[in-house]
Amino acid sequence: MRMAATLQRSLARSHTRFDVVPHPHSATSLESARVANIPAERLAKTVILDDRQGHFLMAVVPASRHLDVGKVRKDARLWQLTHEADLARLFKDCELGAVPAVGEPYGMNMVVDPQLTRQKDIYLEAGDHENLVHMRMDDYLKLVPDAEVCELCH
């Protein structure tokens, strides 16, 4: 298992109970849900946005939904999808496309769609394409206490 060190430290610091769900290699969050045999609405899909002025924002939506960038209103900035080159720099301990849905340990503000927070439990990328971290929703919300919950999907 190759869990991102940043995620591992964050889980240890917060004494969060979790389990790791290994699965066959997958390229997308929707495919991860399918091959891990879990409901896609419980898998957190992480989308990194930036304002092209050095500010980054982590948007977290269910894997079964699509982010509507126009709904992201954090800090009155104009947010857009971050370039892949920036993702590799920001998440050095993660494989590209397998970013855990925890912004604060990476120094990033977060917005989370309420469709995800209404679930009883949540799965997030562990930092690679073959493992998910599973925990209860209340534990996840303690892990990301400053995350803003707001409508993000269309």
- Message: In the range 3-121, if the dipole is taken from +1 on Lys/Arg beta carbons and -1 on Asp/Glu beta carbons about the Cα centre, which of 16, 82, 109 is farthest to the positive end?
- Response: 16
- What FRET efficiency would be calculated for the residue pair residue 148, residue 96, taking the C-beta separation as r and a Förster radius of 22 Å, to the nearest 0.05? 0.30
- Simple Cβ-charge dipole of the range 1-142, Lys/Arg +1 and Asp/Glu -1, about Cα centre, in debye nearest 20: 360
- So who's got an amide H within less than 5 Å of the one on residue 112, skipping anything under 5 residues away but keeping other chains? H placed 1.01 Å off N, in plane. 60, 148, 149, 150
- Task: Calculate the translational D of the range 1-130 in whole µm² s⁻¹ from Stokes-Einstein, where the hydrodynamic radius comes from the Kirkwood formula applied to all Cα pairs, the temperature is 25 °C and the viscosity 0.890 mPa s.
- Result: 163
- Item | Probe 1.4 Å, protein heavy atoms only - accessible area per residue of the chain in square angstrom | 49
- Message: Please list, in order along the range 62-77, the HN-Hα scalar couplings obtained from phi with the Karplus expression 6.51 cos²θ - 1.76 cosθ + 1.60 (θ = phi - 60°), rounded to whole Hz, x for Gly and Pro.
- Response: x, 4, 7, 10, 10, 5, 9, 4, x, 8, 7, 10, 4, 6, 6, 9
- Message: For the chain, set up a GNM with springs between Cα atoms under 10 Å and report which of 86, 139, 50 has the largest fluctuation.
- Response: 86
- Out of 33, 141, 46, whose Cα points farthest toward the positive end of the dipole of the chain (charges: +1 Lys, Arg; -1 Asp, Glu; placed on Cβ)? 141
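In the range 21-154, what percent of the accessible surface is made up of carbon and sulfur (1.4 Å probe, ligands and nucleic acids excluded)? Spell out each step's value before the answer.
Values: 3160 of 6230 Å².
Heavy-atom surface of the range 21-154 belonging to carbon and sulfur, 1.4 Å probe: 51 percent.
Tell me, in nm to one decimal, what length is gained between residue 74 and residue 137 on full extension, where the rule is 0.36 nm per residue of separation less the Cα-Cα distance?
Working: separation 63, 0.36 × 63 = 22.68 nm, distance 2.28 nm.
Between residue 74 and residue 137, full extension yields 20.4 nm more.
Can you tell me the dipole magnitude for the range 39-83 around its Cα centre, using point charges on the Cβ only (Lys, Arg +1; Asp, Glu -1), in Debye to the nearest 20? Mind dumping the intermediate values first?
Working: 8 positive and 5 negative charges, 19 e Å.
For this selection, approximately 100 debye.
The values are calculated or read from the model by the stated rules, or taken from the named source; none is laboratory data. Just so it is clear, the structure is predicted and the values come from calculations on it, not from any experiment. Backbone-built Cβ (ideal geometry, glycine too); neighbour counts: all protein chains shown. Accessible surface is based on the protein model in full, side chains and every heavy atom, while ligands, DNA and RNA are left aside. Shrake-Rupley method; radii C 1.70, N 1.55, O 1.52, S 1.80 Å.
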